[in-house]
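Peer 1: Right, I'll just put the structure down here and ask away after.
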Amino acid sequence: MTRNEIFSKLWELYSIQNPSILKVHKSFTNYGEQVINDHVAFRTFNDPRMDIDVLERLFIYAGYVKKEDYYFKEKKLIAKHYEVPNHPEEPKVFISQLVLEDFSDDLQGIVLERLNSVGNIEYKSKNLLFDGNIWGKPSYKAYHKLREESEYAAWLYVYGFRANHFTISINHLKKLKSIEVVNQHLKDHGFLMNNAGGEIKGTREELLQQSSIMAENLKVEFIEGEYEIPACYYEFAIRYADSNGNLYNGFLAKNANKIFESTNYHSDS
Ligand code: NI
């Protein structure tokens, strides 16, 4: 698949599955803005059937190269980011994975049982990143059990493989030119901001500032019945140039640590 095909398909699924995403997107285009993606992010488990090395292939074949590694001690995650050389206008790709062995036997047991519920052939699908939940109906009880140790694990247990978030590049906006103005625009349109560690993650001096809305709650069919839980969210990022005039292209673990919490279980009010 070409990069265009990959992101068109990811966007189609993400915007159909999460109704608030198109509302956010429209609030920008109705304002006369052109929406350019800073990065698209994915989540997975560090199981060799589906880890970062497996998920990155789609992007490597499409011309992406690995840039940097990240470690999130508190969340027990590692991540890598990818770029297309000489194409700074193309979205970066950010893939993180949960380090299963750092969690309790209980958590590992629940996750492994689910991962083992399908054959290896499912994980070899060229479309894995678009396939979403390949494991069938989740258990609501297990979802909440996982949340006790990791909101990330609980989210991934339910939703599987998909774009976790797209990110609007504030650098490419013509009128909404600062992160403060973007956040106000979002609040004026009724979107709930992720306030973990403050509404704005990062400082101008750190060369990257990010914010995000909380994932909207969607109805999910569980074994026990239908319940509403957070799905995917939208992120917003602005990058600054360093003292040599080069725009910062990396990620800051400190920022991302709090951005991950956009899928934490919450009520919409
Ligand atoms: Ni992100």
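The values are calculated or read from the model by the stated rules, or taken from the named source; none is laboratory data. No experiment lies behind these values; they were computed from the predicted model shown. Note that each Cβ is placed from the backbone with ideal geometry, even for glycine, and that neighbours are counted across all protein chains shown. Note: areas computed on protein heavy atoms with side chains; ligands, DNA, RNA excluded. Shrake-Rupley method; radii C 1.70, N 1.55, O 1.52, S 1.80 Å.
Peer 1: Give me the lysines in straight-line cross-link reach of residue 26: C-alpha distance below 27 Å, same-chain residues under 8 apart excluded.
Peer 2: Within reach: 9, 92, 174, 175, 177, 187, 201, 219, 258.
Peer 1: What accessible area per residue, rounded to a whole number of Å², is obtained for the range 87-160 using a probe radius of 1.4 Å?
Peer 2: Using a 1.4 Å probe on heavy atoms only, each residue of the range 87-160 averages 45 Å².
Peer 1: Enter the angle in degrees (range 0 to 90, nearest 10) between the Cα long axis of helix 19-29 and the first principal axis of the Cα atoms of the chain, meaning the one along which they spread out most.
Peer 2: So the helix axis and the longest Cα principal axis differ by about 10 degrees.
Peer 1: As a test question: what accessible area, to the nearest 10 Å², does residue 110 have when a 1.4 Å probe is rolled over all protein chains in place?
Peer 2: 40
Peer 1: Hey, what number do you get for the chain at 222 nm if only DSSP H runs of n ≥ 4 count, each worth -39500 (n - 2.57), divided across all residues, to the nearest 500?
Peer 2: Helix contribution divided over all residues of the chain: -8500 deg cm²/dmol.
Peer 1: Go through the range 122-163 and name the trypsin sites (Lys or Arg not before Pro) that are in a DSSP coil and have 12 or fewer other Cβ atoms within 10 Å of their Cβ.
Peer 2: Here the sparse-neighbourhood loop sites are 124, 126.
Peer 1: Distance in nm between label sites at residue 248 and residue 204, each 7 Å beyond Cα in the beta-carbon direction?
Peer 2: Result for the modelled spin labels: 1.3 nm.
Peer 1: Could you order 50, 214 by accessible surface area, starting with the largest, using a probe radius of 1.4 Å?
Peer 2: 214, 50
Peer 1: Contour minus end-to-end for residue 65 and residue 34, with contour as 0.36 nm per residue of separation and end-to-end as the Cα-Cα distance?
Peer 2: 8.5 nm
Peer 1: Share of the chain's accessible area from carbon and sulfur, percent, 1.4 Å?
Peer 2: Carbon and sulfur atoms account for 50 percent of the accessible area of the chain.
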